[in-house]
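Quick note: the coordinates plus some simple rules give every number you see, no bench work behind them. Note that the coordinates shown come from a computational prediction; the quantities given were computed from them, not determined experimentally. No Cβ is skipped: glycine too gets one built from the backbone with ideal geometry, and neighbour counts run over all protein chains shown.
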Amino acid sequence: MTLHIVNKSPFETNSLETCLRLARSGHCVLLFEDGVYGASKGTRFEALLTEAMQNCKIHVLLPDFEARGMKADNLIAGIETVDYLGFVDLVTASERVQSWL
Amino acid sequence: MEEGGGVTKKFLYVNRKAPYGSIYALESLEVVLIGAAFEQDVSLAFIDDGVYQLKKNQSTDGIGMKNFSPTYNALGDYDINKIYVDKDSLEQRGLSLDDLMNLTYEDENDNYAEKPSISLVNSEELAALMEQQDVVLSF
């Protein structure tokens, strides 16, 4: 399994879009730092995320989400939260980590 | 296995930034060339604005920066000849293969015939390529 990590807001760069275009079925995606904005409900990326979740599991680093004034109930349904230890678990469970700068 | 017991791994360098607005492209090229000394199985991918790195006819005389694009021509001499360009990214920017530098290598298994290093790939091919790698380095 490949873990894709995205740390930029989807409004700033197309990193999230390209990541989701190239991620394969069964891969995991983790949104962190400014990447967490992609996980919130009601943005123009919500449909893209919802569609991606049919094939991939999407996680968000909750401390980064909360730091930006959002709570778990602002997340798009189906996105899973992780803490720092959960991040480490995802990395160790993956064959490779692909960073989308 | 290489001399000294080293293991050969598959390395993919993913390039997604345009060449002069940030340091990513130059740094990537430096790392690729340094890494070439370690005789690994290296591939390069150019996606999104990264495709601009391979544009022909770059001329930096007016901006006081080094034009490092000729360095890509040296990659073939370092046995780096698997250069993959995302077709969608190229098309979205109004470019085609003809707009890119003609990067080549000499195939030692074919009487040193000169062959193109660049392949255009679609999303599915690129995704498959990424999944074959031991290490993916992003720039």
**Study point:** Hypothetical label at B:GLN92: residues of region A:1-42 whose amide nitrogen lies under 12 Å (7 Å Cα-Cβ projection)
**Key:** A:13-22
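Find out how many positive minus negative residues lie around B:LYS56, taking Lys and Arg as positive, Asp and Glu as negative, among other residues whose Cβ is under 9 Å from that of B:LYS56.
Numbers: positive: B:LYS55; negative: B:ASP98, B:ASP99.
Value of the local net charge: -1.
Using the count of nearby Cβ atoms within 10 Å as a rough guide to exposure, how do B:TYR13, B:TYR78 rank from fewest to most? Walk me through the intermediate numbers first.
On the way: B:TYR13 23, B:TYR78 15.
Lowest to highest Cβ neighbour count: B:TYR78, B:TYR13.
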Practice item. Among DSSP beta bridges lying fully in the protein assembly as shown, give the percent that are antiparallel, nearest 5. Key: 15
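By the gyration tensor of its Cα atoms, with a ≥ b ≥ c the square roots of the eigenvalues, what is the shape of region B:10-138: rounded for a/c under 1.5, prolate for a/b over b/c, or oblate?
Numbers: a/c = 1.32, a/b = 1.19, b/c = 1.11.
Rounded.
So how strong a dipole does chain A carry about its Cα centre when Lys and Arg Cβ are +1 and Asp and Glu Cβ are -1, to the nearest 20 debye?
On the way: 9 positive and 13 negative charges, 54 e Å.
Computed about the Cα centre, the dipole is about 260 debye.
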Practice item. Any chance you could give the angle, 0 to 90 degrees and rounded to 10, that helix B:24-36 forms with the longest Cα principal axis of chain B? Key: 20
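Give me B:ILE118, B:ILE47 ranked fewest to most by other Cβ atoms within 10 Å of their Cβ, as a rough exposure proxy. Mind showing how you got there, number by number?
On the way: B:ILE118 20, B:ILE47 25.
Taking fewest neighbouring Cβ atoms as first place, the list is B:ILE118, B:ILE47.
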Study note, to complete from the structure: Plugging the Cβ-Cβ distance of A:MET1 and A:ALA47 into 1/(1 + (r/R0)^6) at R0 = 25 Å yields, to the nearest 0.05, a FRET efficiency of 0.50
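How would you order B:67-74, A:55-62, B:55-62 from highest to lowest mean count of nearby Cβ atoms within 10 Å?
On the way: B:67-74: 14.9, A:55-62: 20.6, B:55-62: 10.4.
Highest mean packing first, the order is A:55-62, B:67-74, B:55-62.
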Review point. Quick one: net charge of A:ALA93's neighbours, Cβ under 14 Å, K/R +1, D/E -1?
Key: -1
Review point. From the Cα gyration tensor of chain A, with a ≥ b ≥ c the square roots of its eigenvalues, which class applies: rounded if a/c is under 1.5, or else prolate if a/b is larger than b/c, or else oblate?
Key: rounded
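Filter B:LYS17/B:LYS87; B:LYS56/B:LYS115; A:LYS8/B:LYS56; B:LYS9/B:LYS82 down to the pairs with a C-alpha to C-alpha distance above 22 Å, please. Display every interim value, and only then the final one.
Values: B:LYS17/B:LYS87 16 Å; B:LYS56/B:LYS115 18 Å; A:LYS8/B:LYS56 30 Å; B:LYS9/B:LYS82 15 Å.
Those over the limit are A:LYS8/B:LYS56.
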Check your understanding: Which residues' amide hydrogens lie under 5 Å from the amide hydrogen of B:LEU120, considering only partners 5 or more residues apart or on another chain, with H built in the peptide plane?
Key -> B:VAL85
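Is the protein assembly as shown rounded, prolate or oblate when judged by the Cα gyration tensor, a ≥ b ≥ c being the square roots of its eigenvalues, rounded requiring a/c under 1.5 and prolate requiring a/b larger than b/c?
Note, shape of the protein assembly as shown comes out prolate.
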Practice item. List the relative contact order of chain B as a percent without decimals, with contacts defined as Cα pairs under 8 Å and 6+ residues apart. Key: 31
